[in-house]
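Visitor: One structure coming up, written as structure tokens, with questions to follow.
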Amino acid sequence: MKILVLHGINLDMFGKRDPQHYGTITLPEIDAQLRKLATELDVSIETFHSNHEGVMCERIHRAHEQDFAAVVVNAGAWTHYSYGLRDALAILRVPVIEVHMSNVYAREPFRQVTVLGDIIHGKIAGFGVDSYLLALRAAVSVSRAA
């Protein structure tokens, strides 16, 4: 089983950006923890990051033709306004799990808005790096149940 993990805009700045909300862990460290958990769960993962919306949408388009069982996505700020990203994810025929490191509901009102809500299988937020790990576990669980 293969799971695709997508990291959106500005997430390459984890470890440098707003440690109060995101902690000090870096994106490569998050990916390493995801790979370790994937091994424990006996699945493979591919991680992908882009700060460019079109590049992210093109990666999602390619995923549609590939053999992924689920997608975990932290779209960053795109979560709140990117209908292009939403439409690309809606093309997928596999469960999509939305993830956020911070508790978006305890932050600014605009961060509580998601354009992805009606196309995702579920959302995990507010647990730092554990949000990603929980999302991977959820993606595997939903995929194995299907």
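The values are calculated or read from the model by the stated rules, or taken from the named source; none is laboratory data. Values in this document were obtained by computation on a predicted structure and should not be read as measured data. Don't worry about glycine lacking a Cβ; one is built from the backbone with ideal geometry, like all the others, and counts go over all protein chains shown.
Visitor: Looking only at the range 116-134, count every residue that is of a type outside the set (Ser, Thr, Tyr) and within 16 Å of residue 79 (Cα to Cα) and tell me the total.
Guide: The number of residues fulfilling the criteria is 11.
Visitor: Where the second residue is crowded, with 17+ Cβ neighbours inside 10 Å and modelled with pLDDT under 95 and the first is charged (D, E, K, R) and in a strand (DSSP E or B) and lies in the range 37-54, which pairs have Cβ atoms under 6 Å and are six or more apart or on separate chains?
Guide: Every condition considered, no pair remains.
Visitor: Kindly provide the set of residues from the range 56-88 that are of a type in the set (Ser, Thr, Tyr), surrounded by fewer than 23 Cβ atoms within 10 Å (Cβ to Cβ) and part of a helix (DSSP H, G or I), ordered by number. It would help to see each step written out before you state the result.
Guide: Of the residues in the range 56-88, the ones of a type in the set (Ser, Thr, Tyr) are 79, 81-83.
Among the residues that remain, those that are also surrounded by fewer than 23 Cβ atoms within 10 Å (Cβ to Cβ) are: 81-83.
Within the range 56-88, 83 is the sole residue that qualifies.
Visitor: Across the range 50-97, which residue is nearest to residue 31 (Cα to Cα) among those that are among the charged types (D, E, K, R) and out of contact with any Cys (no Cβ under 9 Å at 6 or more places or on another chain)?
Guide: Here is the first cut: in the range 50-97, the ones among the charged types (D, E, K, R) are 53, 58-59, 62, 65, 67, 86-87, 93.
Now narrow it down to the ones that are out of contact with any Cys (no Cβ under 9 Å at 6 or more places or on another chain): 53, 58-59, 62, 65, 67, 86, 93.
Values: 53: 20, 58: 21, 59: 17, 62: 21, 65: 23, 67: 20, 86: 23, 93: 24 Å.
The extreme case among them is 59.
Visitor: If you don't mind, another one. Tell me which residues, restricted to the range 44-75, are out of contact with any Ser or Thr (no Cβ under 9 Å at 6 or more places or on another chain) and among the basic types (Lys, Arg).
Guide: 62 - this is the single residue of the range 44-75 that is out of contact with any Ser or Thr (no Cβ under 9 Å at 6 or more places or on another chain) and among the basic types (Lys, Arg).
Visitor: Test each condition in (1) surrounded by 15 or more Cβ atoms within 10 Å (Cβ to Cβ); (2) closer than 22 Å to residue 139 by Cα; (3) touching a residue at least 24 places away in the same chain (Cβ under 8 Å); (4) touching a helix residue (DSSP H, G or I) at 6+ places or on another chain (Cβ under 8 Å) for residue 27 and report the one that comes out false.
Guide: Only one criterion in (1) surrounded by 15 or more Cβ atoms within 10 Å (Cβ to Cβ); (2) closer than 22 Å to residue 139 by Cα; (3) touching a residue at least 24 places away in the same chain (Cβ under 8 Å); (4) touching a helix residue (DSSP H, G or I) at 6+ places or on another chain (Cβ under 8 Å) is unmet by residue 27, namely (3).
Visitor: When the range 43-87 is examined, which residues are found to be of a type in the set (Val, Ile, Thr) and touching a strand residue (DSSP E or B) at 6+ places or on another chain (Cβ under 8 Å)? Before the answer, list the steps.
Guide: In the first step, residues of the range 43-87 are kept if they are of a type in the set (Val, Ile, Thr); the result is 43, 45, 47, 55, 60, 71-73, 79.
Hits for the range 43-87 are 43, 45, 47, 60, 71, 72, 73, 79.
Visitor: Which residue is nearest to residue 145 (Cα to Cα), if the candidates are limited to the range 1-25 and must be assigned to a loop (DSSP other than H, G, I, E, B) and more than 15 Å from the chain's Cα centre (by Cα)?
Guide: 1
Visitor: Against the condition surrounded by 16 or more Cβ atoms within 10 Å (Cβ to Cβ) and more than 14 Å from the chain's Cα centre (by Cα), how does residue 44 come out, does it pass? Lay out the reasoning, then the answer.
Guide: Working: surrounded by 16 or more Cβ atoms within 10 Å (Cβ to Cβ): no; more than 14 Å from the chain's Cα centre (by Cα): yes.
No, not satisfied.
Visitor: Could you tell me which of the residues 136, 116 is touching a residue at least 40 places away in the same chain (Cβ under 8 Å), outside any strand (DSSP E or B) and in contact with an Asp or Glu (Cβ under 6 Å, 6 or more places away or on another chain)? So that I can check it myself, show each step before the final result.
Guide: Numbers: 136 fails: in contact with an Asp or Glu (Cβ under 6 Å, 6 or more places away or on another chain).
Every option except 116 fails the conditions.
Visitor: Being modelled with pLDDT of 95 or more, among the β-branched types (Val, Ile, Thr) and buried (at least 19 other Cβ atoms within 10 Å of the Cβ) is the filter here, so list the residues in the range 95-119 that pass it.
Guide: Residues satisfying the conditions are 96, 97, 99.
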